[in-house]
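Trainee: Here you go, one structure.
The values are calculated or read from the model by the stated rules, or taken from the named source; none is laboratory data. All of these numbers come straight from a predicted model, not from anything done at the bench. Glycine also receives a Cβ, built like all others from the backbone with ideal geometry; neighbour counts cover every protein chain displayed. To get the accessible areas, we keep the full protein, side chains included, count just its heavy atoms, and leave off ligands, DNA and RNA. Shrake-Rupley method; radii C 1.70, N 1.55, O 1.52, S 1.80 Å.
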Amino acid sequence: QVQLVESGGGLVQAGGSLRLSCAASGTTDSINAIGWYRQAPGKQRELVATISSRGRTNYADSVKGRFTISRDNAKNTVYLQMNSLKPEDTAVYYCNAGYTFSGTYYTYDYWGQGTQVTVSS
């Protein structure tokens with residue numbers, strides 16, 4: 001079993017920054033990769049960024065150049081640094097434990113509870 005806890009969300013003005021954290025506990029050795037997802041009201045959950053156990057990263061086109069995903073293996077924590085935030089980044093952000101294969105991210109059924117990010121214009 002893996003437990004994921006997100007933190008760091010909040011209210012920020014457009015152009016501002018936030019850093020989200022995803023702390024993992026439990027059988028973390030089984031985790032190959034971590035993905036950050038977000039879900040805005042009335043929209044489907046979308047993949048924002050992923051990072052593999054080797055540190056390989058991928059980003060959605062909508063956040064490239066603005067968001068950075070990183071990991072601290074000693075702390076079993078993955079971060080999502082979000083800069084130049086836009087109102088359209090407003091959503092609940094979730095982290096997920098999964099794995100990558102041939103460059104594609106696949107989810108395990110391990111999700112955090114989510115953290116709200118609200119960007120005002």
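Trainee: If you average the alpha carbon positions of the stretch 22-64 and of the stretch 77-113, how far apart do those two centres end up, in angstrom?
Mentor: 3 Å
Trainee: Right, here's the next one. Could you report the stretch 8-120's accessible area per residue, 1.4 Å probe, as an integer in Å²? Mind showing how you got there, number by number?
Mentor: On the way: 6010 Å² over 113 residues.
Solvent-accessible surface per residue comes out at 53 Å².
Trainee: Could you look at the chain and say what percent of its accessible area is carbon and sulfur, using a 1.4 Å probe and all protein chains? The partial results should precede the final answer.
Mentor: Details: 2980 of 6540 Å².
In the chain, the share of accessible area belonging to carbon and sulfur is 46 percent.
Trainee: Shifting gears a bit: Report the charge-dipole magnitude of the stretch 42-114 in Debye, nearest 20, computed about the Cα centre from +1 at each Lys and Arg Cβ and -1 at each Asp and Glu Cβ. If you can, show how the numbers build up before the last one.
Mentor: Values: 9 positive and 6 negative charges, 38 e Å.
I would put it at about 180 debye.
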